[in-house]
There are 2 protein chains.
Amino acid sequence: MTKSLLKSIVLIVASSITILSCNNQKQDKMKTDDTVLTEIFLKGEKGSEDLFTGNAYNIGLVDADSTLTTAVGNVYFEPGARSNWHSHPAGQILIITDGVGYHQIEGKEIEIIKKGSVVKCPPNVRHWHGASADVGLQQLYIVPNTEKGIVNWNEAVTDEIYNSASKFQ
Amino acid sequence: MTKSLLKSIVLIVASSITILSCNNQKQDKMKTDDTVLTEIFLKGEKGSEDLFTGNAYNIGLVDADSTLTTAVGNVYFEPGARSNWHSHPAGQILIITDGVGYHQIEGKEIEIIKKGSVVKCPPNVRHWHGASADVGLQQLYIVPNTEKGIVNWNEAVTDEIYNSASKFQ
């Protein structure tokens, strides 16, 4: 092999490696974008295992007071994590800012919730909510009319119920 | 110039062009990421020029009703856009999900608000809010206790007041 041919081969290989690594970088970024959820707020504190199954992190954004009478916060649910059954004396609103999850009002079918979803739960109605099995959930909650109380916690959501959600996807 | 030298030069130039375009793509994406805001909801309807200066788009997420008594929506303010002065009979909460903007309660200094910011405005106090001059704002609003009324609109925010915000950045 002549020196010139060898030089040409080296440069062609170098160009190919550069082109390939350029493409791979773009693909890795897209793959990362698919699974990493947007974080708008600090993560907050891990929810008690008495109130949640799996890892859920809550940060309070607006504390209930006598003027605005509204509590607001964000919960990040890791995949598989969910709240226990619970109810709110004045109801609750959920705003989903990223990810995929489930919400169920007692007696009704599990609904799939995702980025952009808005959920309303009436007063004194038992419900639960959390992330899907594979993808986490970023969820804002709004509890209105807090002078009536904020939340009443009940039992954990069984795996049987939680796993049945997959049939709704 | 020999053929082999010419061939080498062509290949070096080709490699250089590939490497440079690869870097530029990464920079363009980063530049785009700096200025394109996350969209969680549909854009909604353009706000009336009687109520806003510049382009602001509102989508209602939760309509006021007698059960939850809370109105929730999202406003996307383009750079330079802001609401008129206005007040809420029961106050208002703002949750900023992306971008940079301004909020001012009458008589107080303009505050800079950005992704993750939480703003509380007391009942019957005049205020205005909107995007910064260069970057848009994605803003959720929560209006509690809607049985007292939702909003009372007033005059436009002057350029003099709006432009004075830049000194707080």
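Provide the per-residue ³J(HN,Hα) series for segment B:136-145, in order, calculated from phi with Karplus coefficients 6.51, -1.76, 1.60 and θ = phi - 60°, each as a whole number of Hz, with x at glycine and proline positions.
Each residue of segment B:136-145 in turn: x, 9, 9, 9, 7, 10, 10, 10, x, 6 Hz.
Starting from a label point 7 Å past Cα on the Cβ side, list the distances from residue A:108 to the same position in the other copies, nm, shortest first.
Sorted ascending, the copy-to-copy spacings read 3.7 nm.
Got the residue A:153 label distances to the other copies yet, label 7 Å along Cα→Cβ, in nm, shortest first?
Relative to the other copies, residue A:153 has label-point distances of 4.5 nm.
Please list, ordered by chain and number, the residues whose modelled amide H lies under 5 Å from the amide H of residue B:61; skip anything fewer than 5 residues away on the same chain.
Sorted by chain and number, the residues that satisfy this are B:72, B:73, B:74.
Can you work out which chain A residue has the shortest Cβ-to-axis distance for the rotation that carries A onto B, and give it in Å?
Closest to the axis: A:4, 1.
Place a point 7 Å from the Cα of residue A:160 along the Cα-to-Cβ direction; which residues of segment A:52-70 have their backbone N under 19 Å from it?
A:53
Karplus couplings for segment B:43-54 from phi (6.51 cos²θ - 1.76 cosθ + 1.60, θ = phi - 60°), rounded to Hz, Gly and Pro as x?
Per-residue couplings from phi come out as 5, x, 9, 5, x, 4, 6, 7, 10, 9, 9, x Hz.
Between the alpha-carbon centers of segment B:96-169 and segment A:87-148, tell me the distance in whole angstrom.
For segment B:96-169 versus segment A:87-148, the Cα centre distance is 28 Å.
Once the label point is set 7 Å along the Cα-to-beta-carbon vector, what list of distances in nm do you get between residue B:54 and its counterparts in the other copies?
From this label point to the equivalent ones elsewhere in the assembly: 4.0 nm.
Please list, by residue number, every one of the GluC sites (Glu not before Pro) in segment B:106-140 that is coil in DSSP and has at most 14 other beta-carbon atoms within 10 Å.
The qualifying sites are B:106, B:109.
Under a 5 Å amide H to amide H cut-off, with H placed in plane at 1.01 Å, what residues pair with residue B:136 once short-range neighbours are removed?
Correct list: B:100.
With θ set to phi - 60° and the Karplus curve 6.51 cos²θ - 1.76 cosθ + 1.60, what are the ³J(HN,Hα) couplings of segment A:118-132 in order, to the nearest whole Hz, using x for Gly and Pro?
10, 10, 10, 10, x, x, 6, 10, 6, 8, 9, 7, x, 7, 6
A short reminder: the numbers here are calculations on the coordinates, not readings from a lab. Since the model is a prediction, treat every value here as computed from it, not as a measurement. Reconstructed Cβ throughout: ideal geometry from the backbone, glycine too, with neighbour counts over all protein chains shown.
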